[in-house]
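Novice: Quick one: the structure is below, and I'll ask about it shortly.
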Amino acid sequence: MDGMSIISMISTGLALGFWLYSIALLSSYLFVGIFAMLEMRQYMRLNSFTDYSILAGSSNAPGISILAPAYNEGATIIENVRSLLSIHYRNLELIVINDGSKDDSLTKLIDHYQLQLTDRFVQPAVPTKRIRGIYRSSNPVFHKLIVVDKENGGKADALNVGVNVSSQPYIVCIDVDCIIEQDALLKMARPFLDSGNTRVIASGGVVRIANGCEIRNGRLVKVHLPTGFLPRAQTLEYFRAFLLGRMAWSRLNALLLISGAFGAFDKEIMIACGGYDHATVGEDMELVVRMRRYMEEHRIPYKVTYIPDPLCWTEAPASYKILGRQRNRWTRGTIETLSIHRKMCFNPRYGRLGLLSFPYWLLFELLAPIVEFIGVAVSLVLAVCGDLNVPLFLALLGFILSFGILFSILAILMEVLTFNQYNGWKDILRLALTAILEPFLFHPFIVWSAIRGNIDLLRKKKGWGDMSRQGFTSNKQKVYAKS
Amino acid sequence: MCYYYLFSSPVAPGSSWLATAMLCICALLMALVGFMLAYLLTRKQTKRMEERWRNIHRELVQRAIFWEPAEGEPSHIPVHAGVARSLLIPLSRQVMITELINGKKGLSGTAATNLVLLYRQLGLERDSLHKLASRKWHLQAQGIQELAVMEQRSYVTRLYRFTNAHNEVVRREAQAAIVQLYGFEGLRFLEIIDTPLSEWQQIQLLRLLQHATGMPPGNILRWLDSANETVRIFTLKLVAEQHLQELAPKLRECLQDSCQEVRLQAVRCMRELGAADSCPNLVTAYPAETPAVQLAILHTLGHIGTEAEVEFVGTQLSAPDNRIKLEAARALVRLGDAGLKYLELFPFMYRSPWNQILRQAKTEWMV
Amino acid sequence: MKILVAEDEPILIRIIEMRLKKDGYEVLLAEDGQQALDRLEQGPPDLIITDIMMPYASGLEIIASVRARTWPKVPVIILSAMGQEDVVLEAFQLGADDYITKPFSPNELSVRVRRLLTR
């Protein structure tokens with residue numbers, strides 16, 4: 001066999017691999033689109049006649065602790081807490097965890113909510129940094145509020161303290177700077193009550209983008225489409241991720257990720273698997289994977305559910321610099337999580353999780369930017385050498401681009417047919433235009449940030465130590481958008 | 001977008017094939033965008049129509065609420081010809097139904113009676129019945145809800161049939177409807193269901209029974225012996241919520257139940273009823289119990305216990321589990337002077353973690 | 001006599017308005033909690049009727065806001081679908097003067113308003 005034929009065989013093999021990969025990726029999009037639509041229809045129908053307010057006053061509704069970790073949020077903390085306190089839910093405890101802020105967050109809280117140091121024995125169910133003090137209000141209006149002051153330890157550590165302090169069976173983790181709708185907990189609690197014999201261990205919520213929206217007294221008054229291109233592209237990206245991706249995966253009970261910005265958990269299971277891991281930057285995803293793994297290994301029937309209503313709104317990064325940092329971190333978080341639990345991959349013992357979700361994440365979330373990057377690089381090299389089949393290249397590029405845009409349009413359609421938060425056809429056309437521009441202006445940057453995340457992780461960049469001090473204001477929800 | 005470097009490869013499809021596929025997708029794209037815009041437009045139109053009808057209908061609904069029948073005339077609420085004509089349109093009828101339902105849910109007395117009268121007078125129950133006949137589960141459920149809110153007892157047999165429906169949601173709404181119409185009597189279905197009552201459904205039923213009049217039927221005892229554990233749990237919640245004191249002795253038997261959740265509810269229920277004479281049973285059951293039930297027992301003893309239980313609760317201060325220690329301390333604080341005295345004499349009172357636990361228990365009590 | 005009514009169900013707020021107007025009161029309407037709080041900025045009404053679960057601010061916040069001011073005591077009636085003992089107790093603890101559970105009768109509401117205003 002001469003050298004030429006070996007090279008030709010390798011290249012044929014590679015080509016076959018790439019085509020199979022592409023076909024698998026495209027069919028996964030199709031599956032996501034179809035499953036998401038089926039699941040969404042079912043959910044909307046159920047919602048159409050459900051009266052959620054019956055939970056609001058019921059003493060039989062399960063107790064929930066909201067955990068809101070705060071780091072240097074002094075500017076908005078009073079408003080944010082006020083808005084969280086007005087959430088409609090009876091058996092509620094709001095735990096604000098001051099993670100060693102360097103600003104005046106704590107004094108502001110103490111003054112405004114008439115807080116007093118209180119004696120509270122904290123069961124160290126999960127090991128954490130030291131608690132400096134626990135405060136409660138002397139005013140009965142704020143009886144749901146508990147403020148914990150602790151030494152700085154990062155978001156995961158702050159949440160673990162919250163888990164230890166909490167006295168309720170369910171935990172809802174939020175970012176304190178998010179705007180949570182008042183009926184959010186009524187909807188989030190529902191799946192836990194509706195589960196029958198399978199235990200619901202966690203329930204994820206949607207994160208929506210608040211840039212450009214009208215906000216008053218910590219409440220969202222009017223929804224507007226963001227004016228800047230970057231937040232608008234993220235709006236679209238979140239539609240794809242939350243209205244299509246998560247919806248489809250939840251139908252299969254194969255969700256691996258619940259946004260750190262808004263998710264509900266069964267505290268008992270959370271403690272049984274040791275709470276949040278503060279050694280990873282992707283603590284939200286890692287926890288869900290670990291909880292699922294725990295349930296699979298103990299052979300307990302369980303579910304992770306998902307609520308698509310727009311209940312949580314957040315400010316998205318509006319500059320490339322911050323966005324890049326965010327995506328870099330998400331990439332590292334995903335890689336870390338998947339490598340911690342690599343044992344599950346293709347392992348039939350973990351059922352759908354091991355055979356479907358995990359490989360999907362590995363192949364299409366983690367590897368996609370890398371494959372794409374290499375593809376672009378090789379094409380460039382080929383083009384320079386004059387070896388590129390230009391018509392085929394263009395046809396293929398056009399095909400892939402139009403398919404990607406189609407997926408985005410489908411996501412917009414889902415929004416229009418369901419919650420339709422935006423104002424009429426002008427906003428929808430602007431979103432559609434964003435969908436067309438996004439693959440050229442936004443997507444390459446996202447791929448590049450992911451590549452940077454990979455490189456940083458390979459270099460073992462000592463960035464983690466800084467995490468806690470840097471705070472988590474920008475450590476937002478995760479969306480793994482598809483495009 | 002990573003696939004485009006394998007161009008000369010033999011397995012790659014030709015560019016013309018791809019171009020065709022692309023054109024198809026683009027056409028689909030345009031069609032989707034077009035559909036979306038058309039949808040938005042028609043929806044805006046519909047919303048406007050609904051709004052217009054809502055304003056007209058509201059006027060009628062308000063008049064109906066304050067309407068008083070004239071002496072000796074048949075009860076008939078006067079309806080303007082314009083409104084009557086608009087009610088030939090299905091959308092307009094649905095708007096009217098929604099308005100009536102929203103009003104009916106919030107109102108009682110003659111106001112509510114008049115709304116039901118108007119519903120019948122306009123023949124809107126036909127719409128609701130039509131939904132029942134639909135094959136779509138969400139429409140069936142909606143129809144059931146409408147008939148129940150509007151107190152259409154004459155259709156109870158049709159509704160009752162749905163309590164056995166194949167679809168879980170429909171079944172659930174039908175159960176709720178029967179309870180809404182017949183109060184405690186409506187709970188008869190508890191004797192026959194073999195599917196679990198979800199917690200959500202339990203909460204919904206308890207809520208519906210909140211304003212129910214009349215006494216719970218005698219067969220409540222049978223429900224406590226039901227083979228369906230969710231029925232036993234629900235019954236215990238009902239006993240607690242309705243303060244059915246006479247069932248207190250029966251609760252003691254529930255402490256022997258095989259299902260933990262039932263035992264837990266029974267303990268909670270004893271607290272609600274203040275069944276102080278059950279305390280010895282709780283103490284006896286305690287050692288063999290799971291931690292969750294033990295915590296509940298201590299909590300209940302704190303509320304309904306007497307001096308006789310102080311000694312027992314006190315021993316739990318030495319339990320290895322800190323949660324038990326805390327709950328025991330709370331109970332002792334609640335048990336009054338004897339409990340406090342026990343705490344004073346407790347040998348480890350000033351050692352960690354007891355010192356913190358006791359301080360928390362005392363602060364909580366003071367609040 | 002000015003009465004502030006805070007209720008987010010459109011049909012109910014109109015019914016209450018009609019009933020109270022019939023009794024000769026001046027009625028201020030607030031269709032959500034924030035509107036009610038804004039209304040309070042303009043000075044004390046003679047009586048407040050409020051729902052508990054409303055958008056933007058709850059009825060309990062409205063009571064707290066009224067009671068935190070230096071006004072002569074303004075009676076507050078809570079009109080809520082939540083009838084559980086502990087909810088009612090909490091409302092009274094915060095300073096409510098009366099508690100009516102939905103479904104309610106407009107005529108009964110009218111009687112209770114009159115009783116509170118002539119006390």
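Novice: Any chance you could run the full-extension gain for B:Glu261 through B:Tyr350? It's 0.36 nm times the residue separation minus the Cα-Cα distance, nm to one decimal.
Specialist: Separation in residues times 0.36 nm, less the Cα-Cα distance, equals 28.4 nm.
Novice: Once you compute Rg and the Kirkwood Rh from C-alpha atoms, what is the Rg to Rh ratio for segment A:168-324?
Specialist: Using only Cα positions, Rg/Rh for segment A:168-324 is 0.98.
Novice: A follow-up question, please. Which angle between 0 and 90 degrees, to the nearest 10, do you get for helix B:90-106 versus the longest principal axis of chain B when only C-alpha atoms count?
Specialist: Long axis of B:90-106 versus the principal axis of chain B: about 20 degrees.
Novice: In angstroms, what radius of gyration and Dmax does chain C have, counting Cα atoms only?
Specialist: According to the Cα coordinates of chain C, Rg and Dmax are 12.7, 34 Å.
Novice: Then there's this: Rounded to the nearest 0.05, what FRET efficiency do A:Asp119 and B:His243 have when you use their Cβ-Cβ distance and R0 = 60 Å?
Specialist: The pair A:Asp119/B:His243 has a calculated efficiency of 0.95.
Novice: Explain nothing, just the number: dipole magnitude of the protein assembly as shown about its Cα centre with +1 on each Lys and Arg Cβ and -1 on each Asp and Glu Cβ, in debye rounded to the nearest 20.
Specialist: Charge dipole, the protein assembly as shown, about its Cα centre: 1500 debye, nearest 20.
Novice: Stokes-Einstein at 20 °C, 1.002 mPa s, Kirkwood radius from Cα pairs: D for chain A in µm² s⁻¹?
Specialist: 91
Novice: Right, next: Give me D for segment B:169-261 in µm² s⁻¹, whole number, from Stokes-Einstein with Rh from the Kirkwood sum over alpha-carbon pairs, 20 °C and 1.002 mPa s.
Specialist: 160
Novice: Put +1 on the Cβ of every Lys and Arg and -1 on every Asp and Glu Cβ in the protein assembly as shown; which of B:Trp223, A:Ala61, C:Val113 then has its Cα farthest towards the positive end of the dipole?
Specialist: Of the listed residues, the answer is A:Ala61.
Novice: If you don't mind, there's one more thing I want to ask. Label points 7 Å out from Cα along the Cβ direction at B:Leu41 and B:Asp194: separation in nm?
Specialist: 5.6
Novice: Within straight cross-link reach of B:Lys237, meaning Cα distance under 30 Å, which lysines are found once same-chain residues fewer than 8 apart are removed?
Specialist: Candidates past the 8-residue exclusion: A:Lys144, A:Lys187, A:Lys267, A:Lys303, B:Lys104, B:Lys105, B:Lys250, B:Lys325, B:Lys362, C:Lys102.
Novice: Okay, moving on. Label A:Cys385 and B:Cys24 with points 7 Å out from Cα along Cα→Cβ: what is the distance between them in nm?
Specialist: If labels sit at A:Cys385 and B:Cys24, their model points lie 3.3 nm apart.
Novice: Just counting partner chain Cβ atoms within 10 Å, what average do the residues of peptide A:14-27 show around their Cβ?
Specialist: Mean inter-chain Cβ contacts per residue within 10 Å come to 3.
Novice: Next up: Between segment A:287-320 and segment A:155-215, what's the alpha-carbon centroid distance in Å?
Specialist: What the calculation gives is 10 Å, centre to centre.
Novice: Still on this structure, please answer the following. Between B:Glu151 and B:Lys362, what length comes free when the chain is fully extended (0.36 nm per residue of separation minus the Cα-Cα distance, one decimal in nm)?
Specialist: Going from the current span to full extension adds 70.9 nm.
Novice: Taking R0 as 60 Å, what's the FRET efficiency between C:Thr118 and A:Asn152 from their Cβ-Cβ distance, rounded to 0.05?
Specialist: Here the calculated transfer efficiency is 0.50.
Novice: Once the other residues with Cβ under 12 Å from the Cβ of B:Asn114 are scored (Lys, Arg +1; Asp, Glu -1), what is the net sum?
Specialist: Result for the local shell: +2.
Novice: Largest first and in whole Å, what are the equivalent-ellipsoid semi-axes of the protein assembly as shown based on the Cα gyration tensor, each being the root of 5 times an eigenvalue?
Specialist: Each semi-axis is √(5λ); the values are 49, 39, 28 Å.
Novice: Further question on the same structure: Taking each residue of A:119-127 in turn, how many C-beta atoms of other protein chains fall within 10 Å of its C-beta, and what is the average?
Specialist: That average works out to 5.
Novice: Now a separate question. Which of the peptides B:260-268, C:105-113, A:91-99, A:268-276 is most tightly packed, and how do the rest follow, going by the mean number of other Cβ atoms within 10 Å of each residue?
Specialist: Top of the packing list down: A:91-99, B:260-268, A:268-276, C:105-113.
Novice: Right, next: Relative to the compact globular guide of 2.2 N^0.38 Å, what is the alpha carbon radius of gyration of segment B:25-77, as a ratio?
Specialist: Expressed relative to 2.2 N^0.38 Å, the Cα Rg reads 2.20.
Novice: Compute log10 of I(q)/I(0) for chain B with the Debye formula, placing one identical point scatterer on every Cα and leaving out solvent, at q = 0.10, 0.15 Å⁻¹, to two decimals.
Specialist: -0.83, -1.20
Novice: A further question on this structure: Test of understanding: what is the full-extension gain from A:Arg342 to A:Arg41, defined as 0.36 nm times their sequence separation minus their Cα-Cα distance?
Specialist: Gain on extension, A:Arg342 to A:Arg41, equals 104.9 nm.
Novice: Can you give the mean number of other chain Cβ atoms that lie within 10 Å of the Cβ atoms in peptide B:33-45?
Specialist: 4
Novice: By counting other Cβ atoms within 10 Å of each Cβ, how are B:Cys26, A:Cys173, A:Cys312, B:Cys279 ranked from fewest to most?
Specialist: Ranking B:Cys26, A:Cys173, A:Cys312, B:Cys279 by Cβ neighbours within 10 Å, fewest first, gives B:Cys26, B:Cys279, A:Cys312, A:Cys173.
Every number in this text was worked out from the coordinates using simple rules, so none of it is lab data. Please read these numbers as outputs of a predicted model, since none were measured by experiment. Note that we place each Cβ from the backbone using ideal geometry, even for glycine, and neighbour counts take in every protein chain shown.
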